[in-house]
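*Asks:* Quick one: structure below, then a few questions.
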Protein chains: 4
Amino acid sequence: MDKIKVAVLGATGMIGQRFIEMLEDHPYFEMEGLYASERSEGKRLRDVLKVRDHVYKEETLDRKIEVMDVRKIAKNDRIAFSGIPSDLAGPTETELAEAGVGVFTNAGSHRMDADVPILIPEVNPDHLFSVKDQKTFSNGGFIVTNANCSSTGIAAPLAVLNDTWGLKEVFISTYQALSGAGYPGVPSLDAVGNVVPFIKNEEEKMESELAKMLGKYSNGKFEFAGFRTFANCARVPVVDGHLESLTIRLGSEPSVEELIERFEAFRGEPQKLDLPSAPPQPIIVRREDNRPQPAFDVFAGGTGRSKGMAITLGRIRKKEEFYKIFALSHNTLRGGAGGSVLNAELAVKKNLL
Amino acid sequence: MDKIKVAVLGATGMIGQRFIEMLEDHPYFEMEGLYASERSEGKRLRDVLKVRDHVYKEETLDRKIEVMDVRKIAKNDRIAFSGIPSDLAGPTETELAEAGVGVFTNAGSHRMDADVPILIPEVNPDHLFSVKDQKTFSNGGFIVTNANCSSTGIAAPLAVLNDTWGLKEVFISTYQALSGAGYPGVPSLDAVGNVVPFIKNEEEKMESELAKMLGKYSNGKFEFAGFRTFANCARVPVVDGHLESLTIRLGSEPSVEELIERFEAFRGEPQKLDLPSAPPQPIIVRREDNRPQPAFDVFAGGTGRSKGMAITLGRIRKKEEFYKIFALSHNTLRGGAGGSVLNAELAVKKNLL
Amino acid sequence: MDKIKVAVLGATGMIGQRFIEMLEDHPYFEMEGLYASERSEGKRLRDVLKVRDHVYKEETLDRKIEVMDVRKIAKNDRIAFSGIPSDLAGPTETELAEAGVGVFTNAGSHRMDADVPILIPEVNPDHLFSVKDQKTFSNGGFIVTNANCSSTGIAAPLAVLNDTWGLKEVFISTYQALSGAGYPGVPSLDAVGNVVPFIKNEEEKMESELAKMLGKYSNGKFEFAGFRTFANCARVPVVDGHLESLTIRLGSEPSVEELIERFEAFRGEPQKLDLPSAPPQPIIVRREDNRPQPAFDVFAGGTGRSKGMAITLGRIRKKEEFYKIFALSHNTLRGGAGGSVLNAELAVKKNLL
Amino acid sequence: MDKIKVAVLGATGMIGQRFIEMLEDHPYFEMEGLYASERSEGKRLRDVLKVRDHVYKEETLDRKIEVMDVRKIAKNDRIAFSGIPSDLAGPTETELAEAGVGVFTNAGSHRMDADVPILIPEVNPDHLFSVKDQKTFSNGGFIVTNANCSSTGIAAPLAVLNDTWGLKEVFISTYQALSGAGYPGVPSLDAVGNVVPFIKNEEEKMESELAKMLGKYSNGKFEFAGFRTFANCARVPVVDGHLESLTIRLGSEPSVEELIERFEAFRGEPQKLDLPSAPPQPIIVRREDNRPQPAFDVFAGGTGRSKGMAITLGRIRKKEEFYKIFALSHNTLRGGAGGSVLNAELAVKKNLL
């Protein structure tokens, strides 16, 4: 098939550059333009580089950043991958959808909109079709969001538990990486040798997004899931990789081994459709004493395009009626750009593009 | 009064050196000898220095380390402050008590013994008298333990809640500092830019120690408190200062302001007795958005001898019937050597020495 | 004597807050006002706190920040301690001097001015009198700068060497702390697990400032010292404490022991005058294998007001005609606010205020 | 051709595991066995994993560690790649060579032996033939060492300068990564937020190894190069990647542009022979203000097998007759296991195996 032309919005930021990483040589998509604010106009990617561990191709590094221009993007691109800050993202993304562009965004602005899905293809692939109810859909434009990075890191395991045994309560504490705050983000004087137990609106986002994602879309409405979530969010001096502790009460009391078995056996729509960025096994369970760790598990998922796209669980314990689990995910790949790329891949396979 | 002669055991380690810090110029105690294993015999404190932020006196730095010798200690000292590793601590401390020495220890070996208190003077000062039931007490010897550092960091706030409204359940996640693992402890390759979600036996210790401390000692027996604790423990790249997230259910539903009021008003036995290492206000509540943080709050307590002896709470929130709180304490001062020094100060005032 | 009223400019920044730390209970000075830009007007110090290790007094934390206002400062204060960014500092400091205020500044704007001294009281106390040639001096106003933090950290040892044996060449590499870049300064994503081998204009500053400071002031002119300096500057993930490696060629070839002896014996004007912030021994030489280290030596100097005011040298080696030395200093105390406070103390004793 | 069977010695350590990384699917070599000390016998690689950023194949992770056994290795393997600690390495490697094995080692024990080369194929490929003078060579056994990691990181650029303009003096300061000290290596309490200005014997190694490598092998003897080296070595809290500052005097005074041109144009024997682990361009020059940095440049070299095998230079400046340069290399790839693998690849092409 012909590759679909895509724009990357926010190309000077952490998420924008993860989009670029995932779109190099993508089998479905061709990066047409890199867009950002006026401040960076004309700079090359190599001059604003932020991602540490990816070796970009030289020709990618030489690409120039353009000023964001809705009309231009609408003319050139079928898709816009958006890594722009949430305050800007809202109106820009609306304009793009109105102009007929399919927007796959990491920004939070539209996540709680009535007809906009928060999509994780392993969790709620059918939510994708809610875009058909967006009023811009008739001219081809629509908005699909990915969840907040800390929600994404646990959504699939929670969905597995919910589907099998019913979720009652989830007590969450997060150990979130610095890249989650973007660039320049957290000043180093607050980060080195420190933990900051506050991330603005993060706890609220987790609590509402998980309920929306694990809920149902029917009759043009999202029905939220009924379990309860209590989150405590903190920032730790880790570059990439959100770790989260979970203490969970279910509707019944399966054994730890039953949980592990279900997690490991789980395959979702991306695996069934063999989407390019889908990790072969979306939930990995480590049996070592001391895992998952950002240092070792952040890139779990595969060696190629799905690197960093799996979620790693570990230390699954049961005490009385509660289950204790640590979960780790790559917050700017699985929990950021990678999530939106996977969403767009699903949309391609579902003929929405 | 004449100062009481004391020995410091484990003088080459992090906790031992915090004992030395707190015993410099102490109004009740005089450091007679510094003891450690054979490996360090004859070295000066300055050659094995590990504590970063304390400026020891030059004559303290010049003191020589001696080999641990129960008979010598029993002959010279009324008290032994023990910062030795738990595997060694058990038998050595028993021998010292048998030889008539009052042992105040940071080691875990004897914490769950039937007649040994885990003492925090603000929490359970009456537990101190359980030492009278120790069979060595007749010749003056006994053992008093302080709690594990992560238990200490939340015991006083939990006791305040339990006494006022009744504790039901506590869901804990810890962000523990590297110094908690001693020296050399955690290899830097596991620490820099990483979180390790495993600390051996820590969750079990927290769950049992809190129940013992918040319980009662009566008729020669410890009766454990009935609330339930669920802990997830992790190590973060912070030098000193354990941060802990708490999600708590109480017997009733007071307002957040009522909680804050009770915490701030709380004064315990050390404050009433004006013990030298007692912080004027043992529980501090920060109202800023983003506190407590190790960087700013680890030394809370006072500017002199009680530096680092207060516990700082922050971000006190209520969601449905649950309370969410972040707590911070200095794990090797309040949660280590400082705890035992305060215990010994209490014992002096209670005429057990 | 009556205390001299002083203003602190830039009270929301790292250096400004170090000024406040050093001015609490100062025997000569009384902090009249804390000033910063409009953005922080009316905030209390506790709301903009940045310094990690100092425990400010509660009444200090409650002080409010005012908008900088030259006329007001000139009316109220004899001295302004300036911790404002260099781009603002230049004109503001000039205005203050014109209005009759004695300005002691950490900013770089006026350092290379023809009649402005870069003063380190142990190094070039006589340069202080160059202020008499400033045209504002007749009405009491003048400007005294302290050196760049990385210059300060080695100026005294280099002066000792120059005075005794003559300096020929100094090859310097720096390991500079994050606080040197102010707040927010270096983004954490550039700092954690990384080294940045570039600090704008730093190498040039070091090379010129050292020559000016170690030169002479005579006949109303600064004559620069003749040795050559070659600097390579880099930022490392350390909060406070600049480490510097030096490879030095002298005019003759004394033994390493002779160097150590001279460094340790050195006492300067602040020591002779017993200035309140003067460290008893300005240059400390460590003989351990692996010192100086920021972790252990950053606060060298004394336990009170002179904490962090000494320079620590270590690993003094000779290879062929070259001497190799590591030097450490506290970049925001000795190399920042502390330097200017010491300068003002000298000015008091020299009756310039 | 049939693949050559190779053993990895020290498979539980940082260097050993980098050997395993580079030998997975190697076109010339087949990993026959993983060897380490008795302590790790029978463990799987996954149980002793230390390398953060490589995603090992699952079947590699399942491989079991065997106890080192010279006879067994000699029977099974033509080559032993040695990542064992230097104190053990000396005699074991000698025995292996005597038993007819080609030893390619990262250990320092034999580096200064009279007939053992310190080989960097881009720098001194002809030194390889010195093995023919080793008395074990007649039965096929020999020893080839790679240089110390901090020497390797600058040897090629220095060789380019020496060959073109003649090296006179090199003043070096290092910013060395934690992985250079192996595992467990540096305790985290010494690493986080700190710099340690001491690495045992490192300065001496650099000064002697560079002279040997840049010298000549003729008439069965190594003749050392005549330039002078002055090194100051320090450890910084970086996981992988040695940064080094260089201040250099040459025999003449070319322009900075001439240096850059020579560095970029340089290709060595590995590039000419197209060795599997050879980076296409061995010396990369960055023109950005603030590079090289470990965060961005540690993996320079290529996207496949040569990832991390290039050296990155930056900030090339001239002041008077001196040149200032920052250099960065991956200390456990280029400066460790990768160096020895490249050496073995050269030996294959030169028919020594």
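The values are calculated or read from the model by the stated rules, or taken from the named source; none is laboratory data. Model, not experiment: these values are computed from the prediction. Because the Cβ atoms are built from the backbone with ideal geometry, glycine has one as well, and the counts that use them run over all protein chains shown.
*Asks:* Out of everything in the stretch D:92-114 that is closer than 14 Å to D:Gly215 by Cβ and touching a helix residue (DSSP H, G or I) at 6+ places or on another chain (Cβ under 8 Å), what residue ends up being surrounded by the most Cβ atoms within 10 Å (Cβ to Cβ)?
*Replies:* The selected residue is D:Arg111.
*Asks:* While we're looking at this one, here's another question. Keeping to the stretch B:280-292, report how many residues are out of contact with any Leu (no Cβ under 9 Å at 6 or more places or on another chain) and either under 19 Å from B:Ser179 (Cα atoms) or away from chain A (no Cβ under 14 Å) (or both).
*Replies:* Matching residues across the stretch B:280-292 total 3.
*Asks:* Run A:Glu122 past the list (1) touching a residue at least 60 places away in the same chain (Cβ under 8 Å); (2) farther than 30 Å from A:Gly251 by Cα and report the number of the one that doesn't hold.
*Replies:* So the condition that A:Glu122 fails would be (2).
*Asks:* Let me ask something else about it. Filter the stretch D:206-235 down to the residues that are farther than 17 Å from D:Phe171 by Cα and outside any strand (DSSP E or B) and list them by number.
*Replies:* Hits for the stretch D:206-235 are D:Lys212, D:Met213, D:Gly215, D:Asn219, D:Gly220, D:Phe224.
*Asks:* Also, I was wondering about something else. Just to verify a result, which residue in the stretch C:23-39, among those that are of a type in the set (Asp, Glu) and part of a strand (DSSP E or B), is farthest from the chain's Cα centre (by Cα)?
*Replies:* Restricting attention to the stretch C:23-39, the residues satisfying the condition of being of a type in the set (Asp, Glu) are C:24-25, C:30, C:32, C:38.
Filter once more, keeping what is part of a strand (DSSP E or B): C:30, C:32.
Numbers: C:Glu30: 20, C:Glu32: 22 Å.
Step by step, filter the stretch C:23-39, then rank; the result is C:Glu32.
*Asks:* Select from the stretch A:287-300 the residues that are at pLDDT 95 or above and under 17 Å from A:Leu259 (Cβ atoms) and write down the one among them that is surrounded by the fewest Cβ atoms within 10 Å (Cβ to Cβ).
*Replies:* A:Arg291
*Asks:* Let me ask you something else. Residue by residue through the stretch D:190-218, note down the ones that are more than 21 Å from the chain's Cα centre (by Cα) and surrounded by 18 or more Cβ atoms within 10 Å (Cβ to Cβ).
*Replies:* At the first step, the residues of the stretch D:190-218 found to be more than 21 Å from the chain's Cα centre (by Cα) are D:190-197, D:218.
The answer is D:Asp190, D:Ala191, D:Val192, D:Gly193, D:Asn194, D:Val195, D:Val196, D:Pro197.
*Asks:* Checking D:Ala347 against (1) assigned to a loop (DSSP other than H, G, I, E, B); (2) touching a residue at least 12 places away in the same chain (Cβ under 8 Å), which test does it fail?
*Replies:* (1)
*Asks:* Looking for something hydroxyl-bearing (Ser, Thr, Tyr) and over 19 Å from D:Gly336 (Cα atoms) - is there at least one such residue anywhere in the stretch D:50-69? Walk me through it before giving the result.
*Replies:* First, pick out the residues of the stretch D:50-69 that are hydroxyl-bearing (Ser, Thr, Tyr): D:56, D:60.
After this cut, where a residue has to be over 19 Å from D:Gly336 (Cα atoms) as well, the list is D:60.
Scanning the stretch D:50-69, I find at least one residue that is hydroxyl-bearing (Ser, Thr, Tyr) and over 19 Å from D:Gly336 (Cα atoms), so the answer is yes.
*Asks:* Picking from D:Gly153, D:Gly166, which residue would you name as being at positive phi, in the same structural domain as D:Phe299 (by TED's automatic domain parsing) and in contact with a Leu (Cβ under 9 Å, 6 or more places away or on another chain)?
*Replies:* On the way: D:Gly153 fails: at positive phi.
Going through D:Gly153, D:Gly166 in turn, just one is at positive phi, in the same structural domain as D:Phe299 (by TED's automatic domain parsing) and in contact with a Leu (Cβ under 9 Å, 6 or more places away or on another chain): D:Gly166.
*Asks:* Now, a different point. Quick check on my filter: what residues within the stretch D:194-233 are modelled with pLDDT of 95 or more and of a type in the set (S, T, N, Q)?
*Replies:* D:Asn194, D:Asn201, D:Ser208, D:Thr229, D:Asn232
*Asks:* While we're here: Identify, from the list B:Ser277, B:Ser252, the residue that is in contact with a Ser or Thr (Cβ under 8 Å, 6 or more places away or on another chain), assigned to a loop (DSSP other than H, G, I, E, B), modelled with pLDDT of 95 or more and more than 14 Å from chain D (Cβ to nearest Cβ). Lay out the reasoning, then the answer.
*Replies:* Numbers: B:Ser252 fails: in contact with a Ser or Thr (Cβ under 8 Å, 6 or more places away or on another chain).
Going through B:Ser277, B:Ser252 in turn, the sole match is B:Ser277.
*Asks:* Can you confirm whether B:Ala295 is away from chain A (no Cβ under 14 Å) and hydrophobic (A, V, I, L, M, F, W, C)? Steps first, please.
*Replies:* Numbers: away from chain A (no Cβ under 14 Å): no; hydrophobic (A, V, I, L, M, F, W, C): yes.
It is false that B:Ala295 is away from chain A (no Cβ under 14 Å) and hydrophobic (A, V, I, L, M, F, W, C).
*Asks:* Which of the numbered conditions does B:Thr303 fail, given that it passes all the others? Conditions: (1) at pLDDT 95 or above; (2) more than 16 Å from the chain's Cα centre (by Cα); (3) β-branched (Val, Ile, Thr).
*Replies:* Checking B:Thr303 against (1) at pLDDT 95 or above; (2) more than 16 Å from the chain's Cα centre (by Cα); (3) β-branched (Val, Ile, Thr), the one that fails is (1).
*Asks:* Tell me, yes or no, whether the stretch D:257-269 has at least one residue that is within 11 Å of another protein chain (Cβ to nearest Cβ), under 21 Å from D:Ile120 (Cα atoms) and of a type outside the set (Gly, Ala, Ser). First the steps, then the outcome.
*Replies:* In the first step, residues of the stretch D:257-269 are kept if they are within 11 Å of another protein chain (Cβ to nearest Cβ); the result is none.
Looking for residues that are within 11 Å of another protein chain (Cβ to nearest Cβ), under 21 Å from D:Ile120 (Cα atoms) and of a type outside the set (Gly, Ala, Ser), one finds none in the stretch D:257-269, hence no.
*Asks:* Restricting the first residue to the stretch C:232-243 and requiring it to be more than 7 Å from chain D (Cβ to nearest Cβ), which pairs with a second residue that is of a type in the set (Val, Ile, Thr) and part of a strand (DSSP E or B) meet a Cβ separation below 7 Å and a spacing of at least six or different chains?
*Replies:* Cβ pairs passing all conditions: C:Cys233/C:Thr174; C:Arg235/C:Val196; C:His242/C:Thr174.
*Asks:* Mind checking which residues of the stretch D:306-320 are surrounded by fewer than 22 Cβ atoms within 10 Å (Cβ to Cβ), more than 10 Å from every other protein chain (Cβ to nearest Cβ) and of a type outside the set (Val, Ile, Thr)?
*Replies:* D:Lys318
*Asks:* Considering only the stretch D:171-222, state which residues are within 14 Å of chain C (Cβ to nearest Cβ), touching a residue at least 60 places away in the same chain (Cβ under 8 Å), touching a Pro at 6+ places or on another chain (Cβ under 9 Å) and among the hydroxyl-bearing types (Ser, Thr, Tyr).
*Replies:* D:Tyr175
*Asks:* Looking at the stretch D:42-91, which of its residues are surrounded by 15 or more Cβ atoms within 10 Å (Cβ to Cβ), closer than 24 Å to D:Glu345 by Cβ and of a type in the set (Lys, Arg)?
*Replies:* D:Arg63, D:Arg78
*Asks:* When you scan the stretch A:157-169, do you find a residue that is farther than 18 Å from A:Ile79 by Cα, basic (Lys, Arg) and either surrounded by fewer than 24 Cβ atoms within 10 Å (Cβ to Cβ) or out of contact with any strand residue (DSSP E or B) (no Cβ under 9 Å at 6 or more places or on another chain) (or both), even just one?
*Replies:* To start, the set of residues in the stretch A:157-169 that are farther than 18 Å from A:Ile79 by Cα comprises A:157-169.
Pick out the ones that are also basic (Lys, Arg) and you get A:168.
Subsequent filtering for residues that are either surrounded by fewer than 24 Cβ atoms within 10 Å (Cβ to Cβ) or out of contact with any strand residue (DSSP E or B) (no Cβ under 9 Å at 6 or more places or on another chain) (or both) retains A:168.
Within the stretch A:157-169, one or more residues are farther than 18 Å from A:Ile79 by Cα, basic (Lys, Arg) and either surrounded by fewer than 24 Cβ atoms within 10 Å (Cβ to Cβ) or out of contact with any strand residue (DSSP E or B) (no Cβ under 9 Å at 6 or more places or on another chain) (or both).
*Asks:* I'm checking my understanding of the structure. Among residues of the stretch B:236-249 that are among the aliphatic types (A, V, I, L, M) and not in a strand (DSSP E or B), which one is nearest to B:His54 (Cα to Cα)?
*Replies:* Taking the stretch B:236-249 as the starting set, the residues that turn out to be among the aliphatic types (A, V, I, L, M) are B:236, B:238-239, B:243, B:246, B:248.
Within this subset, residues satisfying the condition of being not in a strand (DSSP E or B) are B:236, B:238-239.
Numbers: B:Val236: 22, B:Val238: 17, B:Val239: 14 Å.
Of everything passing the filter in the stretch B:236-249, B:Val239 is nearest to B:His54 (Cα to Cα).
*Asks:* Please give the helices (runs of 4 or more DSSP H) falling wholly within the stretch A:50-162 in which 3 or more residues are among the aliphatic types (A, V, I, L, M) and at pLDDT 95 or above.
*Replies:* Values: elements: A:58-61, A:70-76, A:86-98.
Of the helices (runs of 4 or more DSSP H) lying wholly inside the stretch A:50-162, those with at least 3 residues that are among the aliphatic types (A, V, I, L, M) and at pLDDT 95 or above span A:70-76.
*Asks:* Cβ-Cβ under 7 Å, sequence separation 6+ or interchain: first residue in the stretch A:129-141 and closer than 13 Å to A:Thr94 by Cα, partner surrounded by fewer than 16 Cβ atoms within 10 Å (Cβ to Cβ) and at pLDDT 95 or above. Which pairs?
*Replies:* Hits for this filter: A:Thr136/A:Glu98; A:Gly141/A:Glu98.
*Asks:* Within the stretch B:325-341, does at least one residue satisfy the condition of being free of Cβ contacts under 8 Å to residues at least 60 places away in the same chain and outside any loop (DSSP other than H, G, I, E, B)? Step through it out loud before you land on a result.
*Replies:* The first filter runs over the stretch B:325-341 and keeps only residues free of Cβ contacts under 8 Å to residues at least 60 places away in the same chain, leaving none.
No, the conditions are met nowhere in the stretch B:325-341.
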